[in-house]
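The values are calculated or read from the model by the stated rules, or taken from the named source; none is laboratory data. Since we're looking at a predicted model, the values are computed, not measured. Here the Cβ is made from the backbone with ideal geometry for all residues, glycine too, and neighbour counts use every protein chain on show.
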Amino acid sequence: MMKIGIDVDGVLRNFCDGIIEVIKMDYPDYLKDGFTEITDWQLENNFNCTKKDLQEIYWYDWAHAIMGNGKPFKDNLATMRHFIDNITGTYECEWVCITSQKDHARHYTLSWLGKHELNFDRVVFAKGRDKWKVDVDYLVDDSPQNWHHWKHGRGTEDGYLLLDRPYNQNINTKNRIFELFDIAEIIL
């Protein structure tokens, strides 16, 4: 049975828009002049604040808004629902949600998945650097750091499908996808 892992933030949920909205509303001084979008994976490089300041926002003060009520990537959400509901019967596969969340805020992501009717076979909480250890054949993720961990941990980039985002353009990979539906051509 093929096991396919899917990340949440940056793949299904628009974490970047969520944090940008909160910063524009409550922390406008954190916005750099001319800011348009998050282009650097190191979030603090995109704003006039520290990593700790940002973590306080998305892990604690505004986790309910960013994680619990974050906007979905609608096309990817529809595709994921289609895959879960239809592909499983055609191919023998297991859909595994693999996401990195703090213990105290995991319920926001679980609630978000339920609210959007994403019925994964399993949900695994794993630090980004440890996602490569999860028993899956493929992982769809947007993180350049997780790509490096996967490649180093597994000894190959095979199986890691990097979803194209402005902050992962520095990764030269043979497995870049541009929307979730692209995985159908690669693994199904």
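Quick notes
- Boolean, Lys127 is at pLDDT 95 or above, in contact with a Ser or Thr (Cβ under 8 Å, 6 or more places away or on another chain) and not hydroxyl-bearing (Ser, Thr, Tyr): yes
- Residues in region 3-24 that are surrounded by fewer than 22 Cβ atoms within 10 Å (Cβ to Cβ), aliphatic (A, V, I, L, M) and either modelled with pLDDT under 95 or under 16 Å from Gly68 (Cβ atoms) (or both): Val22 only.
- Candidate set: region 25-46, residues that are among the polar types (S, T, N, Q) and touching a residue at least 12 places away in the same chain (Cβ under 8 Å); chosen: the one surrounded by the fewest Cβ atoms within 10 Å (Cβ to Cβ): Thr39
- Residue in region 79-101 that is surrounded by 16 or more Cβ atoms within 10 Å (Cβ to Cβ), in contact with a His (Cβ under 7 Å, 6 or more places away or on another chain) and not β-branched (Val, Ile, Thr) present: no
- Flag if Asn76 is within 21 Å of Gly18 (Cα to Cα) and part of a helix (DSSP H, G or I): yes
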